[in-house]
Amino acid sequence: MLKAAKVRLYPTTEQEEALAKSFGCARWYWNYSLNACIQHYQETGKSLKLNVYKAYLPQLKKYYPWLKTDCYSAVLQCVARNLNKAYSNFFQGRAKFPKFKSKHHRQSIQYPQNVNVVGDCLDIPKIGVVKAVLHRPINGNIKTCTIVKTPTDKYFASILIEYVDGKSIPSGDKILGIDLGIKDFAIVHDGSQITKYSNPQHLKRHEQNLARKQKKLARKFLGSNSRNRYRKLVAKVHERVANSRQDFLHKLSRKLVDESQIIAVENLNVKGMVRNRKLSKSISDVGWGMFLNFLDYKLKARDGQLVEINRFFPSSKTCSCCGHIVDQLTLDIREWDCPKCQATHDRDANAALNIRTEGIRILQNNGGGNPVIAESRQRKTNKPQGGKAVVVETGSLHRPARAV
């Protein structure tokens with residue numbers, strides 16, 4: 001079983017310079033290879049194969065000796081493989097066309113081997129022993145290690161570890177139906193009672209602070225030290241918003257998975273929904289897609305199932321008592337009476353119950369086995385589910401991490 005742990009790094013000044021050189025070499029080789037691929041396609045109409053621009057490396061190291069002295073050789077090999085994967089994702093419709101990398105944004109390099117844990121530090125080739133905050137023991141075999149520098153000048157290492165499957169952690173016995181929304185983030189129905197979790201509105205709480213700092217940033221001259229300082233201040237606000245959103249989604253998904261065995265949700269067309277100019281910011285801020293990913297991998301770790309209902313299933317317009325479907329139900333109607341059985345429904349609670357009922361029906365039709373889950377999610381990865389890495393929560397720097 002593959003798991004990924006994200007740990008904070010605290011490199012020294014010399015190690016920061018060595019990492020900056022490695023980032024620069026990897027970025028330069030990515031841009032060189034991408035430019036070669038584009039030119040080859042313009043001239044021949046065919047894609048450049050991985051082995052071709054991978055074979056450029058020995059000659060490039062002769063013309064540019066710093067590629068050999070400043071960067072670990074396996075890092076550049078990973079750059080070639082990642083570019084090939086980016087092209088494959090583009091041609092298969094899973095991602096946009098690869099972009100040239102810039103030194104002004106997030107930086108990353110990947111080590112496929114020879115990264116070891118030494119006490120509370122990481123031993124990284126050509127960088128040295130870097131102090132790290134290991135919030136959980138790294139006992140398995142380290143497959144890869146990705147070093148990242150954020151726009152706020154923080155360093156993190158994402159360590160992919162291969163564990164031997166142990167005993168399965170027991171989970172709850174409930175079957176939950178979840179209706180996702182904007183005012184209330186999640187409306188959960190377990191068949192007997194309903195629970196609503198309000199939307200924290202992470203971005204809205206920081207909008208005034210963000211607008212004030214962005215206004216000051218816009219007044220600074222390009223290339224000045226003052227502009228660079230304010231750029232980091234703006235990036236810190238964005239980082240705070242992202243961290244608070246991820247923390248909320250991790251805690252809520254963990255709570256729901258601990259008390260359930262099966263969770264049914266709607267397969268929402270988020271990409272199409274954000275085209276609504278009035279709701280696009282709220283939909284992007286709420287993080288539905290990230291929440292479903294968290295539910296998915298946490299349920300699989302406990303032998304649970306995530307059942308995704310067809311997005312065209314009329315969960316809100318169907319009466320959960322008699323099954324009657326109303327012709328029209330606009331978004332401003334939050335409560336409605338069934339014209340057939342005269343039952344009064346809360347729109348969201350009724351939708352959550354219908355989603356739960358439909359999820360049970362899908363499971364029964366599949367004989368209790370694994371249903372067809374998240375077709376769109378499978379298109380993104382194009383990998384067998386058994387080989388997918390499980391992302392675990394980052395632990396706090398001040399207290400021990402919670403078990404996943």
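Structural remarks
- The number of residues in segment 346-359 being free of Cβ contacts under 8 Å to residues at least 60 places away in the same chain and surrounded by 22 or more Cβ atoms within 10 Å (Cβ to Cβ) comes to 1.
- Residue pairs whose Cβ atoms lie under 8 Å apart, separated by 6 or more positions or on different chains, with the first residue in segment 213-232 and surrounded by 11 or more Cβ atoms within 10 Å (Cβ to Cβ) and the second assigned to a loop (DSSP other than H, G, I, E, B) and among the hydrophobic types (A, V, I, L, M, F, W, C), are 227/221.
- A single entry from 14, 43 fulfils the requirement of being of a type in the set (Asp, Glu) and either at pLDDT 95 or above or under 19 Å from residue 156 (Cα atoms) (or both): 14.
Matching residues to (1) buried (at least 21 other Cβ atoms within 10 Å of the Cβ); (2) modelled with pLDDT of 85 or more:
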position: 296; (1), (2): yes, yes
position: 306; (1), (2): yes, yes
position: 313; (1), (2): no, yes
position: 319; (1), (2): no, yes
position: 332; (1), (2): no, no
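- Residue check for residue 42: farther than 21 Å from residue 74 by Cα and either in contact (Cβ under 8 Å) with a residue 12 or more places away in the chain or not aromatic (Phe, Trp, Tyr) (or both): yes
- Residues (of a type in the set (D, E, K, R) and in a helix (DSSP H, G or I)) located in segment 1-37: 14, 16, 17, 21, 27
- For segment 100-119, the criterion of being free of Cβ contacts under 8 Å to residues at least 24 places away in the same chain, farther than 25 Å from residue 151 by Cα and not in a helix (DSSP H, G or I) is met by at least one residue.
- Filtered by the rule that a residue be in contact with a helix residue (DSSP H, G or I) (Cβ under 7 Å, 6 or more places away or on another chain) and assigned to a loop (DSSP other than H, G, I, E, B), segment 120-135 gives 126, 127.
- Members of segment 48-73 found to be touching a residue at least 40 places away in the same chain (Cβ under 8 Å) and either on the phi > 0 side of the Ramachandran plot or surrounded by 15 or more Cβ atoms within 10 Å (Cβ to Cβ) (or both), listed by number: 67, 70, 71, 72
- Elements of type helices (runs of 4 or more DSSP H) in segment 237-337, at least 1 residues being in contact with a Phe, Trp or Tyr (Cβ under 7 Å, 6 or more places away or on another chain): 270-273, 280-286
The values are calculated or read from the model by the stated rules, or taken from the named source; none is laboratory data. The structure presented is a predicted model; accordingly, all values stated were derived computationally and were not measured. FYI the Cβ positions are ideal-geometry reconstructions off the backbone, even for glycines, and counts take in every protein chain you see.
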